[in-house]
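Derivation of every value follows stated rules applied to the coordinates shown; laboratory data play no part. Predicted model only: the values in this text are computed from it and were never measured. Glycine also receives a Cβ, built like all others from the backbone with ideal geometry; neighbour counts cover every protein chain displayed.
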Amino acid sequence: MDALMDRRGGLPLPHRRFAPRLVPAPGPKPQPVAPTGTVACKGCNRRFVTERYERALRVCSLCGYHGVVPATLRATQLADRGSLHLADFSDVEDRDPLHFNDGVAYPKRIAEARAKTGLREAFMVARCLIGGNPIVIACMDFGFLGGSLGSAAGECFARACEMAVAENRSLVAVCTSGGARMQEGIAALAQMARCSQGVSGVAAAGLPYISILADPCFGGVTASFAVQSDVILAEPGARIGFAGGRVIEQATHDKLPDGFQTAEFLLAHGMVDQVVLRADLRDTVARLLGVYSR
Amino acid sequence: MTRSPTKMAEQERAAFRAVELARHPGRPRTLQVIAGCFSDWTELHGDRLFGDDLAVVGGPAFLESPGGERRQVMVIGQEKGRDAESRALRNFGMPHPEGYRKAQRLMRQAAKFGIPLICLVDTPAAHAGIGAEERGQAWAIAETLITLLELRVPVVSVVLSEGGSGGALALAVADRVLGLEQAIYTVAPPETCAAILYRDAGQRARAALALRPGVATACEIGLVDELIPEPQPGAHVHPEMVIAALRGSLLRRLDELCAIPIEELLAARRRRYRHAGG
Ligand SMILES: [Zn+2]
């Protein structure tokens, strides 16, 4: 921890008071009756007036916990005001190669996720400016089937990469995902290669690619485009890795070290470039692109 | 579509038997394939960063045609081990980050010498553990994928018996991907899929039926190009026969790929993975 503090110039790190939960609490948590117009922090349970919580970008002022941000809101938070234009990928078709049914047919699950999130897929892609720099931004939505990577999501990301190359824009991806979408089987695995191909194209064009890792980010997403960027930024407390902590604990019976797989842990192990407070993400991306693209 | 519970249960058992067959200890393993297909193979160890991962083996060799013509190749593969001792030593074929970084080193070496790369896939998954995460398992796999996509020599991969998760894909991004007929190639091992989909690893047979893990499924979506036939009931009854067939396929594929100008080959590889998985 001392080393981390030093690296950040000894600045107070309010989020450090939040000890990330490694193992999800079993079963549904008893929910206190919510006063209307308030929202509870998932880190400390403190309630905030919704408006104030949103203004704070869904970051708890008490414990620093960074709450989940859906894709469109995320893009709005990062983009220069009024610059965001969603890409129309309505022709991207979803597939059900296995005719998968685990009690609910997979196409029905997709339809439910669409209704719930208002998105077509786990990826939302848009053109925007960040600090005046032209960007293609690709944001994942954890609310859409756990941000899982299936063939339609993979196609969205591949198109985002091609759009960046065609229009000479930098690429920014906000990654939050449980990994490959199991319901699509081997076709989901192939998306890791498809997305990597997209990143390779952006790199060949000499364009900057910055990835922002948000809680949680695992599996085939981390093991492909999320970490193939020029700069990897991570939000405080975000859990990031290949295999989930619970899986590792069950498989190895080892006790997980404190803060295992958190953004801060990965920074200490040399795996991410910076842990950045959500409020500072926009400026950090703008500053980096200002240097890279001139 | 309604099916009787007994019939479903029987189908699930059959699906899992296919998984067990693919994991049969008598199937051709990577080192056995290397011994049977190549000559003068010299094993190269270590990733030059942390250590040597015995779940991944690799080194340069010759692939000899029946006419006696010798072709230089770089061979990299995942080795599961044969008996209790070697299986433990090789971590059941589940690589750590240093295994993927050793593979990257040898891939770059192949490109330096302009010799084709042959990857042999045989892993249930990349290792899940504390050390693997600390040393960047996801980073190692992601970098291997990019290395293969951009590698300026022909690449042929073979799914020998079991290809599971990004840990397998990391050695299976290639110009041509072959698979032994009864191999499985899956997004994750059926046990893991069951844990994720049904929150119960015990329902692995159900996952095995639902996921159609046979390599033929990967062939249908274009991730695998050619299936190498196996004798009944599987390669374990005549491994040498299967290895000989595989060697023939490798020779044909290398002849085919080495005749293509490298820029054309790379463009075709890019197109292939741009549309991977439909
Ligand atoms: Zn809080």
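Worth pointing out:
- Measure of compaction for the protein assembly as shown (Cα Rg per 2.2 N^0.38 Å): 0.97
- Taking all Cα-Cα distances within the range A:66-132, those exceeding 21 Å account for 40%.
- DSSP bridge pairs, the range A:69-292: antiparallel proportion in percent, nearest 5: 40 percent
- Take every DSSP beta bridge whose two residues both sit in the protein assembly as shown; close to 40 percent of them are antiparallel.
- Working value for chain B: equivalent-ellipsoid semi-axes of 29, 21, 19 Å, each the square root of 5 times a Cα gyration tensor eigenvalue, largest first.
- Cβ crowding within 10 Å, taken as a proxy for footprinting-reagent exposure, orders B:LYS80, B:LYS112 from fewest neighbours to most as B:LYS112, B:LYS80.
- Long-range HN-HN contacts of B:VAL158 with modeled amide H, under 5 Å: B:CYS119, B:LEU120, B:VAL121, B:LEU178
- By the beta-carbon count within 10 Å of each Cβ, the least crowded to most crowded order of B:ILE76, B:ILE243, fewest first, is B:ILE243, B:ILE76.
- For the range A:69-292, a simple Cβ point-charge model (Lys and Arg +1, Asp and Glu -1, everything else neutral) yields a dipole of about 240 debye relative to the Cα centre.
- Each Lys or Arg adds one and each Asp or Glu takes one away; over the other residues whose Cβ falls under 12 Å from the Cβ of B:LEU31, this sums to +1.
- Within chain B, antiparallel bridges make up roughly 40 percent of the DSSP beta bridges whose residues both belong there.
- Long-range amide H partners of B:LYS80 with built H, under 5 Å: B:THR30
- Close Lys pairs in the protein assembly as shown, defined as Cα atoms under 28 Å apart and 8 or more places apart or on different chains, number 11.
- Arranged from fewest to most other beta-carbon atoms within 10 Å of their beta carbon, B:HIS45, B:HIS96 become B:HIS45, B:HIS96.
- Scalar couplings 3J(HN,Hα) for the range B:151-157, obtained by applying the Karplus form with A = 6.51, B = -1.76, C = 1.60 to θ = phi - 60°, are 5, 8, 9, x, 10, 10, 10 Hz; x denotes Gly and Pro.
- Descending semi-axes in whole angstrom, ellipsoid equivalent of the range B:58-217, from the Cα gyration tensor: 28, 18, 15
- Ellipsoid fit via the Cα gyration tensor, the range A:38-80: semi-axes of 19, 10, 9 Å, each the root of five times an eigenvalue, largest first.
- Under 5 Å, built H, 5+ apart or other chain: amide partners of A:LEU213: A:CYS175, A:LEU233, A:ALA234, A:GLU235
- Helix-only [θ]222 nm of chain A, DSSP H runs n ≥ 4, -39500 (n - 2.57) each, per residue, nearest 500: -10000 deg cm²/dmol
- Both radii are taken from the alpha-carbon atoms of the range A:69-292; with Rh as the Kirkwood radius, Rg/Rh is 0.96.
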